Amino acid sequence: MWWMRALVVGAGGVGAAIGAVAKGRSFLDHLVLADIDETRAKAAMDSLGDPSRFSAAYVDASDAGSIVTLAREHEVDALVNACDPRFNPPIFEAAFAAGVTYLDMAMTLSKRHPERPYEKAGVMLGDAQWAEHDRWEQAGLLALVGIG
């Protein structure tokens with residue numbers, strides 16, 4: 001059987017719920033719940049009652065480098081973004097840099113057109129991630145975006 005190791009960035013309501021669902025999945029070898037508030041991550045981890053399969057960690061979701069370091073330290077196969085979509089760019093980039101599968105609940109946010117914000121669309125919802133398709137495919141990586 002294939003075993004999986006995952007890092008969930010964001011241990012609030014969504015991240016804690018992912019942990020609760022993951023608890024009953026036998027394919028999951030280890031899940032790291034990480035948050036800028038390590039106390040929240042530890043509380044979510046403690047509620048799962050299995051420290052051999054679940055751990056908590058501090059991570060700043062705005063710092064791709066720290067996410068990469070954490071992903072590599074725990075040898076994860078997948079990175080789940082359970083944060084506010086404002087943090088999608090650094091978490092998305094961290095997953096690519098770490099060479100792991102990426103999943104998020106909401107796609108990258110749209111941006112207004114710089115000169116004509118009420119007449120033209122700027123960057124549309126998710127376009128920043130869709131634009132990375134070829135790079136991810138060439139690297140042999142999978143990104144599942146907007147699945148929440």
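The values are calculated or read from the model by the stated rules, or taken from the named source; none is laboratory data. Everything numeric here is computed off the predicted structure, so don't read it as measured data. Note that each Cβ is placed from the backbone with ideal geometry, even for glycine, and that neighbours are counted across all protein chains shown. Surface areas here come from the heavy atoms of the whole protein model, side chains and all, with no ligands, DNA or RNA. Shrake-Rupley method; radii C 1.70, N 1.55, O 1.52, S 1.80 Å.
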Please give the per residue accessible area of region 23-89, computed with a probe of 1.4 Å over protein heavy atoms only, in Å².
50 Å²
Percent RCO, i.e. relative contact order, over region 1-52, from Cα pairs under 8 Å lying at least 6 residues apart
42 percent
Could you compute how much accessible surface HIS74 exposes when probed at 1.4 Å, giving the result in Å² to the nearest 10?
40 Å²
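Run the numbers on the chain and let me know its relative contact order in percent, using alpha-carbon pairs under 8 Å that are six or more apart.
Details: 277 pairs, mean separation 29.2, N = 148.
It rounds to 20 percent for the chain.
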Binned at 10 Å starting from 0, the alpha-carbon pair-distance distribution of region 3-148 in whole percents comes out as 12, 41, 31, 11, 4, 0
Expected field for ARG72, accessible surface area in Å² at 1.4 Å probe radius, rounded to 10, holds 140 Å²
Using the Kirkwood radius over Cα pairs of region 72-115, the Stokes-Einstein translational diffusion coefficient at 37 °C and 0.692 mPa s, in µm²/s and rounded to a whole number, is 287 µm²/s
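ASP46 to THR69: FRET efficiency via 1/(1 + (r/R0)^6), r the Cβ-Cβ distance, R0 25 Å, to the nearest 0.05?
Values: r = 24 Å, r/R0 = 0.95.
After rounding, the FRET efficiency stands at 0.55.
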Which of GLY24, GLY126, GLY12 ends up with the largest GNM mean-square fluctuation for the chain, with Cα atoms connected below 10 Å?
GLY24
Kirkwood hydrodynamic radius, computed over distinct alpha-carbon pairs, for region 93-148: how many Å, to one decimal?
12.4 Å
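Quick check: at a probe of 1.4 Å, how many percent of the accessible area of the chain sits on carbon and sulfur atoms? Working shown, then result.
Working: 4500 of 8070 Å².
Its accessible area is 56 percent carbon and sulfur atoms.
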Simple SL model, points at 7 angstrom along Cα→Cβ for ASP84 and GLN138; separation in nm is 3.4 nm
Take every DSSP beta bridge whose two residues both sit in the chain, then give the antiparallel share in percent to the nearest 5.
5 percent
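Nearest 0.05, what FRET efficiency do ALA97 and LYS120 give at R0 = 41 Å with Cβ-Cβ as r? Please report the intermediate quantities before stating the final value.
Details: r = 33 Å, r/R0 = 0.80.
Efficiency computed from Cβ-Cβ geometry: 0.80.
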Binned at 5 Å from 0, what are the whole-percent values of the Cα-Cα distance distribution for region 43-94, short to long?
4, 19, 26, 23, 18, 9, 1
How far is it, in nm, from the label point at TRP130 to the one at ASP37 when both lie 7 Å from their Cα along the line to the Cβ?
3.5 nm
Using a Gaussian network model of the chain whose springs link C-alpha atoms within less than 10 Å, name the residue from PHE54, PHE27, PHE92 with the highest mean-square fluctuation.
PHE27
Taking every alpha carbon pair in region 1-79 and sorting the distances into 5 angstrom bins from 0 up to the bin holding the longest one, the percent per bin comes out as 3, 18, 31, 26, 16, 5, 1
Provide the net charge surrounding LEU142, with neighbours chosen by a C-beta distance below 14 Å and charges set as Lys +1, Arg +1, Asp -1, Glu -1.
-4
